[in-house]
Amino acid sequence: LYKDKSLYGTGTKIIKLGDVFNFDEFRPELAQRVLLSEDEKRSYCVEIGDIFIALASVKLEGVGKVMLVTKLDEPTSFDHNVALIRTVDEVNSDFLTYLLKSQPVRKLIGMNATQVGTTFLKASTILGFPLPFPPGEEQTAIANVLSDVDALISELEKMIAKKNATMQQLLTGRTRLPQFAQREDGSPKCYKPSELGEIPEDWEVYTLAQLIKSTQLGGNYKNSEQGSEQPLIKMGNLGRGYIKLDKLEFVVGKAKEVDRLKFGDLLFNTRNTLELVGKVSVWRNELPIAYFNSNLMRMTFNNGLVVSNFYMNAVMNSEKFVNDLSDIATGTTSVAAIYSRDLLQLKIALPHAPEQTAIATILCDMDEEIQALEQRLSKTRQIKQGMMQELLTGKTRLIDCKGTKA
């Protein structure tokens, strides 16, 4: 189906390429609507258990993305650039969905896709893919096991999202800690308009130029993966709010004492890819000794206004501030920079010192909880990939050849 934009907005719900890119399972409540004829509705009717596969994508990893239809709330159709796969009775659609996500099939897709600006996969090509299928009962068993792991992954993602949302509420003042929520007479504090929108009545808006006392770029060092005495923190070691030590390099030669990190130092990534530039992390003495290089900038704040680098770490990793950083980043997709003159003009809303300290204390605890959840989520995803490799290739069997549980 190819429909003019003017026909969208009312009519029949329709599955589009964006749905397949965004969801592993169809979300009918988010579907767009389009005006269709009765013949089109019949010809392009979706059923529960249908699988949709993306036939076009700007990036190779997008083509071949699949989405399973597990629920429908009304008659639904689908448009171009996606193919509907409807299985015969002997094939479990949940199993086939996992199979289409597996590495061997992804490799087949990469070999058969054509790239001319946009990457395309012909629907007819998919029919020629040789796929390994166990008996029906084993298909169901494998799909159920992988579905249970997906449910765990989904639950961990929800827990992380909920904690992040709570952090955002505290950092914007939409949620106030009880000891700061009332005036001296016991009446609740209100909100006031500002250039950043509504903020608490006792918060003020500042530019970073008003808050930052000084900045220092790290040293320009030769480095190597070999060594042990002088670890070097580089742009690749900065996460959003925390330091990553999985890929550590070391200073070759003598590092300068001025570039040595101290507990609570706030580091800002001045150069990186367009997607990653502007990351901010606070140093928590993850190593007994470490230095930082010239792509990182250490910030020192005005003690009269900012009492906690940990608070600023949270603010500068908030959703709004990250978006502001994206707006001032300049360069190409592969090489981008954020310049001090632009950075210093960004604005934040800041509470008084006692509230900063109280919020920072809570956020530090929450940050540790989120990191633990993210580590668990990463581990679970790795386990799932290993399970898919074992179960979808038959290396590990859930049911033996006689049809009984192995």
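Which one of Thr118, Thr114 is free of Cβ contacts under 8 Å to residues at least 12 places away in the same chain, of a type in the set (Val, Ile, Thr) and in contact with a strand residue (DSSP E or B) (Cβ under 8 Å, 6 or more places away or on another chain)?
Of Thr118, Thr114, the one residue that is free of Cβ contacts under 8 Å to residues at least 12 places away in the same chain, of a type in the set (Val, Ile, Thr) and in contact with a strand residue (DSSP E or B) (Cβ under 8 Å, 6 or more places away or on another chain) is Thr114.
Kindly indicate which of Asp246, Asp202, Asp265 is closer than 27 Å to Ser334 by Cα and of a type in the set (Asp, Glu).
Asp246
Would you check which residues across the range 233-292 are hydrophobic (A, V, I, L, M, F, W, C), open to solvent by 60 Å² or more (accessible area, probe 1.4 Å), farther than 17 Å from Lys222 by Cβ and more than 26 Å from the chain's Cα centre (by Cα) and list them?
Of everything in the range 233-292, those that are hydrophobic (A, V, I, L, M, F, W, C), open to solvent by 60 Å² or more (accessible area, probe 1.4 Å), farther than 17 Å from Lys222 by Cβ and more than 26 Å from the chain's Cα centre (by Cα) turn out to be Val258, Phe263.
From the residues in the range 35-69 that are surrounded by fewer than 16 Cβ atoms within 10 Å (Cβ to Cβ) and of a type in the set (S, T, N, Q), which one is farthest from the chain's Cα centre (by Cα)?
Ser37
Does the range 91-98 contain any residue that is within 21 Å of Ile48 (Cβ to Cβ), within 22 Å of the chain's Cα centre (by Cα), modelled with pLDDT of 95 or more and surrounded by 13 or more Cβ atoms within 10 Å (Cβ to Cβ)?
So far as the range 91-98 goes, yes, one or more of its residues are within 21 Å of Ile48 (Cβ to Cβ), within 22 Å of the chain's Cα centre (by Cα), modelled with pLDDT of 95 or more and surrounded by 13 or more Cβ atoms within 10 Å (Cβ to Cβ).
How about the range 293-312: which of its residues are outside any strand (DSSP E or B) and open to solvent by less than 10 Å² (accessible area, probe 1.4 Å)?
Once the filter is applied, which keeps residues that are outside any strand (DSSP E or B) and open to solvent by less than 10 Å² (accessible area, probe 1.4 Å), the range 293-312 yields Val306, Tyr311, Met312.
Has the range 320-330 got any residue that is open to solvent by 40 Å² or more (accessible area, probe 1.4 Å) and of a type in the set (Val, Ile, Thr)?
Yes: one or more hits.
Given the range 1-65, what strands (runs of 3 or more DSSP E) lie entirely inside it while holding 3 or more residues that are farther than 27 Å from Gly110 by Cα?
8-15, 32-34
Can you pull out the residues in the range 1-56 that are more than 14 Å from Ala83 (Cβ to Cβ) and touching a His at 6+ places or on another chain (Cβ under 8 Å)?
If the condition is that a residue be more than 14 Å from Ala83 (Cβ to Cβ) and touching a His at 6+ places or on another chain (Cβ under 8 Å), then Tyr2 is the only one that fits.
Does Met388 meet the test of being buried (at least 17 other Cβ atoms within 10 Å of the Cβ), under 30 Å from Pro132 (Cβ atoms) and among the aliphatic types (A, V, I, L, M)?
Here the answer is yes, as Met388 does meet what is asked.
Hey, among the residues in the range 121-152 that are open to solvent by 60 Å² or more (accessible area, probe 1.4 Å) and touching a strand residue (DSSP E or B) at 6+ places or on another chain (Cβ under 9 Å), which one's nearest to Asn81 (Cα to Cα)?
My answer is Lys122.
Failed condition for Gln226, given (1) more than 28 Å from Gly331 (Cα to Cα); (2) buried (at least 17 other Cβ atoms within 10 Å of the Cβ); (3) among the polar types (S, T, N, Q), with all others met?
So the condition that Gln226 fails would be (2).
So for the range 12-32 (the condition being β-branched (Val, Ile, Thr), farther than 17 Å from Asp73 by Cα and either modelled with pLDDT under 95 or open to solvent by less than 80 Å² (accessible area, probe 1.4 Å) (or both)), does at least one residue qualify?
yes
Report yes if some residue within the range 180-199 is surrounded by 16 or more Cβ atoms within 10 Å (Cβ to Cβ) and of a type outside the set (A, V, I, L, M, F, W, C); otherwise report no.
no
How many residues does the range 344-393 hold that are under 25 Å from Thr215 (Cβ atoms), under 25 Å from the mean Cα position of the chain (by Cα) and part of a helix (DSSP H, G or I)?
Of the residues in that region, 5 qualify.
Kindly provide the set of residues from the range 1-49 that are touching a Lys or Arg at 6+ places or on another chain (Cβ under 9 Å), closer than 26 Å to Phe95 by Cα and β-branched (Val, Ile, Thr), ordered by number.
Answer for the range 1-49, where residues must be touching a Lys or Arg at 6+ places or on another chain (Cβ under 9 Å), closer than 26 Å to Phe95 by Cα and β-branched (Val, Ile, Thr): Ile14, Val20, Val46, Ile48.
If I filter the range 355-371 down to residues being under 20 Å from Gly239 (Cα atoms) and acidic (Asp, Glu), which single residue comes out as surrounded by the most Cβ atoms within 10 Å (Cβ to Cβ)?
Residue satisfying both the conditions and the ranking: Asp367.
The values are calculated or read from the model by the stated rules, or taken from the named source; none is laboratory data. Worth saying up front: this structure is predicted, and the values here are computed from it rather than measured. Here the Cβ is made from the backbone with ideal geometry for all residues, glycine too, and neighbour counts use every protein chain on show. Just the protein is used for accessible areas: all its heavy atoms, side chains included, with ligands, DNA and RNA removed. Shrake-Rupley method; radii C 1.70, N 1.55, O 1.52, S 1.80 Å.
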